[in-house]
Each structure stands twice: as C-alpha cells, then as structure tokens.
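Following: one structure in structure tokens, then a few remarks.
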Amino acid sequence: MIPPLALRLLRRTRAGAGGRARVAPRSIYILPTAQGLLFAAILLLMLIGSINYANNLGFLLTFLLTGLGVVAIYHTWANLAWVELFPGRCEPVFAGQQAHFEIRLENRRRTPRPGIQLQLGASDPATCDLTGQTTLILPLASTRRGHLTLPRFTLSTRYPMGLLRAWTYIELDQCCLVYPRPGPRIPAADTPDYSRSQRGDRGVGVGDFVGLRPYRDGDSIKHIHWKALARERGLLTKQFGGDRSERRWLDWDALAGLDTEQRLSALCRGVIDATQQQLEYGLRLPGTEIPPGRDPAHRQRCLRALALYGEQP
C-alpha cells in the first residue's frame, strides 16, 4: 500500500475536460528492466576489459552500445508522451461478475507507438500497437451492487529494446452500474391480474393464438404444442394474445423476514424471471413505485432502481 504522503507526491495523469486524459511528459517514470540491468553490467565489464588491455576496438564497441542505450531512453519516454485516453462504454453487470471497462487510446502523431500496455492491478496487461485510435478492455471483478468506479491503472511500454520500462498512472472518471446478485427463485406473492393491455396481440395473454416459440423453463404444460413434439420439431410453447395480459407486482413488503440485500436479490430474480416469461410486471420499493411494463427499457429501469437502492442521489 502506498503511504499517504507518497500518494500526494505521486505523478499521475488525470482526466480533464470531457473525460479525456493526456499523458504529460513530466508524469512518466522510467526504470531499467532486468534485461537493462544485465545490459549495463555487461557494458561495465566490457569497459573494464578495454581499460585493462588498452583495446581501442573494445572502447569503440562499449561506447557504441552505451550510446544505443542512451538513445533507447528517449524513445521509450517518447512512446508514451502525449498519448490521449478517454473512457468508453461499460455494460452493467450483476454482482459477482466481471465488469469490462472500455478504454479508448488515441495517437495524434504520424508515427505509430508500438508495445503500449494497459494494466489494472495484478491482472494480465492489455497490449496494442497504437496507430490512430484503438480500444482496450480492462476487466474488474464486482463484489457489491451500486456504482463500481474504475481505479487507477497503469499505462506502460518497453519499446524499443526492452531495456527500460516507462509508465504512468492514469485516473479516468468512469464507473459501471452493478445490479444485485440474483437470488434463488421465489414463489409468486400474488395471483395474476388480468387487465386491459394496450399492446394487443403482442402481449402474453389468454385470448387468440398468435404463434409458437421455443420452450422456456416455467412455461405451463397446458401451452406446450405436443403435436410439434410428436413430429420431432422440438419442444415449443403456444403464444396467445388478445386484450388481456398477465400482470404481477414485485413488492418489497411481500418479502418479510429477509434483510435488505436478500430482498434486493430476490426482487432482482423476480425481474429476470418475469422478463423471461414475458409477463407485465411492476416494482414496489420503499419510496419508489415503477408502473408495470415489459420492454427492455422497463427491465433496465427496475434493475437500476434495485442497484442504487439506499444510495445518495
């Protein structure tokens, strides 16, 4: 762990206007790698041997290789200077899954930047040869619901000879929404409410037959198309439309005896199951009520409400 005083003195590249971060030349660290230390030790032995034997060719080769190492310092530093980074997309995940943060890199100079690496903690680095724009993915495990903020990560390179490693610390304003971990399946707390549906035959109702779809876990055996199964067409479920749709409420108060996180996990499972079964469902939380719906936007709204429950706005 970095001491607080050292953390304040740490040179970092932070996001500026528009969330974009540009690597300043003075924020780059450079140290020799193991190969670089071995290279320096060999040069020292060559210098000692040249002095001992007064060998002019030995001096020439030693100074030539030393100059090559000095030039490598500049090229390693220049490979990172003025690289621009800005956050990309990060799809929401459920607690316990890995979040994948998209980091976009941009090279404004004409020459490419080979061997660019992004690394988050002890995970495997993401590598690219940067020409123009490219996108790299940084994975991060999520442990709890809410907003998962991307921590400080490292931008580094060992170009061109691998003798030196240049790196800088990057801080971007990027976060991922983490839904609650889905709990076990729960029985329905209420009976279906068959009410008027404004979606007509596109709903899941009990009126006219509108088609077939593949069988899903939880489908009623009364709706299985047995003739299709006998014809070896697979297990299919009949879909019915009309002017009535099955509506359910996922209610916080119906889960008495569970703590807060267990209730959120159970309600998250209820949202997933209702979506799979194409039910029209609503969500009731303390201080929040989301009217019934069934489209993808409604699902995301419900899961977002569960993920951010109890957090300060």
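The values are calculated or read from the model by the stated rules, or taken from the named source; none is laboratory data. Quick caveat, the model's predicted, so the values are computed rather than measured. Every residue, glycine among them, receives a Cβ derived from its backbone with ideal geometry; neighbour counts consider all protein chains shown. Heads up: the accessible areas ignore ligands, DNA and RNA and are worked out on the full protein's heavy atoms, side chains in. Shrake-Rupley method; radii C 1.70, N 1.55, O 1.52, S 1.80 Å.
Here is how the numbers come out for the structure above:
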read-out: For the range 17-59: rounded, prolate or oblate by the Cα gyration tensor [a/c cutoff 1.5]; value: prolate
read-out: Fully extended contour minus Cα-Cα distance, from Cys175 to Leu229, at 0.36 nm per residue; value: 14.7 nm
read-out: Phe39 - accessible surface, heavy atoms, 1.4 Å probe, Å² rounded to 10; value: 50 Å²
read-out: Packing rank of 226-232, 268-274, 140-146, where each peptide gets the mean count of other beta carbons within 10 Å, highest leading; value: 268-274, 140-146, 226-232
read-out: Net lengthening on full extension, Gln278/Ala141 (0.36 nm per residue, minus Cα-Cα); value: 46.3 nm
read-out: Extension reserve of the Leu60-Ala34 stretch, reckoned as 0.36 nm per residue once the Cα distance is removed; value: 6.9 nm
read-out: List Glu311, Glu171, Glu91, ordered by accessible area with a 1.4 Å probe, largest first; value: Glu91, Glu311, Glu171
read-out: In order through the range 261-272: 3J(HN,Hα) via Karplus (6.51 cos²θ - 1.76 cosθ + 1.60), integer Hz, x for Gly, Pro; value: 5, 5, 5, 5, 5, 5, 5, 4, 4, x, 5, 5
